[in-house]
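Engineer: Right, I'll just put the structure down here and ask away after.
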């Protein structure tokens, strides 16, 4: 991924993330934007857990989808927007930690379809623990009313 079609990719990703209300609802913050790699972090909150007190799989999926999608947006041309068209998530370990890191990385860039892989980590005392992985397929969207980068 040497070619950078949009030199302002960080600003576009940051602006789009700010418009995504669900990230604010779950307390997630965009913490790193590099070309093809995005990180989102989120503190543990009891109101985002399932019946056993683990971070709910839906919340994990939501944050990983955003990390993968924004990684894809970072490699798209300036006039493009991103939409997820498919993802698969593997829940590897219970979501238990003080906070969580969601990292999305472009695996295969393209003009129409981009594949991104994501990893979710639970962080407490000690090393970060991998709790989920995702592969997502993202669509490059251009010229569609109501869909902006």
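Engineer: Suppose a student asked you for the relative contact order of the chain, using Cα pairs under 8 Å spaced at least 6 residues apart; what percent would you report?
Structural biologist: Working: 340 pairs, mean separation 36.9, N = 149.
Computed over the chain, the figure is 25 percent.
Engineer: Going by how many other Cβ atoms sit within 10 Å of their own, how do 141, 106 line up, fewest first? Walk me through the intermediate numbers first.
Structural biologist: Numbers: 141 16, 106 23.
Ordered from fewest to most neighbouring Cβ atoms within 10 Å, 141, 106 come out as 141, 106.
Engineer: For the peptides 42-50, 58-66, what is the packing order when you average, over each peptide's residues, the other Cβ atoms within 10 Å and list the highest mean first?
Structural biologist: Numbers: 42-50: 14.3, 58-66: 21.9.
Going by the mean number of other Cβ atoms within 10 Å, highest first, we get 58-66, 42-50.
Engineer: If I take every Cα pair under 8 Å that is 6 or more residues apart in the stretch 17-88, average their sequence separation and divide by the length, what percent do I get for the relative contact order? Walk me through the numbers before you get to the answer.
Structural biologist: Values: 68 pairs, mean separation 19.5, N = 72.
27 percent.
Engineer: Another one. Just to be sure I understand the model, the point goes 7 Å from the Cα along the line to the Cβ. What's the resulting residue 25 to residue 129 distance in nm?
Structural biologist: Using points 7 Å along Cα→Cβ, the separation is 2.8 nm.
Engineer: When you count, for each residue, the other Cβ atoms within 10 Å and take the mean per peptide, how do 33-39, 115-121, 89-95 rank with the highest first?
Structural biologist: Working: 33-39: 19.6, 115-121: 23.4, 89-95: 15.4.
Most protected by this proxy first, the peptides run 115-121, 33-39, 89-95.
Engineer: Between the stretch 13-88 and the stretch 116-135, what's the alpha-carbon centroid distance in Å?
Structural biologist: Between the Cα centres of the stretch 13-88 and the stretch 116-135 lies a distance of 13 Å.
Engineer: While we're on this one: So for the pair residue 14, residue 83, with labels modelled 7 Å out along Cα→Cβ, what separation do we get in nm?
Structural biologist: 2.8 nm
Engineer: Quick one: angle between helix 9-19 and the longest Cα principal axis of the chain, in degrees between 0 and 90, rounded to 10, please.
Structural biologist: With both axes taken from Cα atoms, the answer is about 60 degrees.
Engineer: Okay, moving on. Rounded to the nearest 500 deg cm²/dmol, what is the calculated helix-only ellipticity per residue at 222 nm for the chain, with -39500 (n - 2.57) per DSSP H run of length n ≥ 4?
Structural biologist: On the way: 3 runs with 34 residues, N = 149.
Estimated from H runs of four or more residues: -7000 deg cm²/dmol.
All of the numbers you see were taken from the coordinates with simple rules; none came from a lab. All figures in this text were calculated on a predicted structure; none of them were measured in a lab. Cβ sites come from the backbone with ideal geometry, for glycine too, and all protein chains shown count toward neighbours.
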